[in-house]
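First comes the structure, then the notes that go with it.
The values are calculated or read from the model by the stated rules, or taken from the named source; none is laboratory data. Values in this document were obtained by computation on a predicted structure and should not be read as measured data. Neighbour counts are summed over all protein chains in view; Cβ atoms, including those assigned to glycine, are modelled from backbone coordinates with ideal geometry. What goes into the accessible areas is simple: the full protein's heavy atoms, side chains included, and nothing from ligands, DNA or RNA. Shrake-Rupley method; radii C 1.70, N 1.55, O 1.52, S 1.80 Å.
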Amino acid sequence: MGQSPERPLRCPSAQPEMPDAQILGVVRGDTEERRIAYLNEFVPATADILTQAAPAIPGEVFRLAARCETGKCTHFDGERCQLAVRIVDMLSPVTEQLPPCTIRKTCRWYAQEGRAACLRCPQVVTANNEDDEVIRRVAGASPAAAQSAQRT
Amino acid sequence: MADNKSISATELGAEVRAAVAKLAIKGIPPEPTIIVHPPWIWGFILRDFGNPAELPALASRVAAELPSAKGGTPVTLIAGPATGTAAALPGGHIICGYIRDPNIFR
């Protein structure tokens, strides 16, 4: 599905320090219904832009896209991004039309899951502090993993 | 339903300020309790490992020697029913490395 061998796939929920990071969108809305407002052009995720999120962390304010790290990422099982699998399996669509996303042609989630991923994508917030069991399960954070990730 | 309206680069600053303001109203926690998307553990995926007892030492070396680790907490996560331990990761493999400091960009 649209995967070009010349262009590496991109992760649509990337961390700022990942290679070639760009701003994919900004989190809008309230806690109950946060949605991504997608940028309609390429904007690199520079330090100047990312620091505008302070005192929040970039992942709470921005959605970033960057090169998919495949085997370096906890969600990649060697063939597929299991985060994308869980998003499609466990979350409901939040739009009826494809969002105006600039990376679709090279998006890992779209290449793997197709339109179903796009219809759920606007609700994904990369750094999510909500105490929501479904979100934790989608993120692949079992109670044990969540405990491991907590800072003391 | 999402409204599917995109924003331009010139609108980005205002959107970010609005997002930060909403987080401030909600109350930004002093430290995130969890970073739920990838990759919150940096290190190596070990698909074919030898002696699990050696993994903590390997994780410590990763955390100590990798420049980006900056003294992060060494960690190994073992997944899958075969290991009988925490099913934190898919695929029955091990990630051995360090936990990224979630406040690194604060």
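Checked against (1) at pLDDT below 90; (2) surrounded by fewer than 19 Cβ atoms within 10 Å (Cβ to Cβ), A:ASP89 meets all criteria but (1). Scanning the range B:19-42 for residues that are more than 7 Å from every other protein chain (Cβ to nearest Cβ) and either at pLDDT 90 or above or outside any helix (DSSP H, G or I) (or both) yields B:GLY27, B:PRO30, B:TRP42.
Checking each residue in the range A:101-122 for being at the interface with chain B (Cβ under 9 Å from one of its Cβ atoms) and open to solvent by 40 Å² or more (accessible area, probe 1.4 Å) picks out only A:THR102. Can you say whether A:VAL138 is within 13 Å of the chain's Cα centre (by Cα), β-branched (Val, Ile, Thr) and at pLDDT below 90, as far as the supplied structure shows? Spelling it out, A:VAL138 is indeed within 13 Å of the chain's Cα centre (by Cα), β-branched (Val, Ile, Thr) and at pLDDT below 90.
With the structure loaded, tell me whether A:THR74 is over 13 Å from the mean Cα position of the chain (by Cα), among the hydroxyl-bearing types (Ser, Thr, Tyr) and surrounded by 19 or more Cβ atoms within 10 Å (Cβ to Cβ) or whether it fails that test.
Details: over 13 Å from the mean Cα position of the chain (by Cα): yes; among the hydroxyl-bearing types (Ser, Thr, Tyr): yes; surrounded by 19 or more Cβ atoms within 10 Å (Cβ to Cβ): yes.
It is true that A:THR74 is over 13 Å from the mean Cα position of the chain (by Cα), among the hydroxyl-bearing types (Ser, Thr, Tyr) and surrounded by 19 or more Cβ atoms within 10 Å (Cβ to Cβ).
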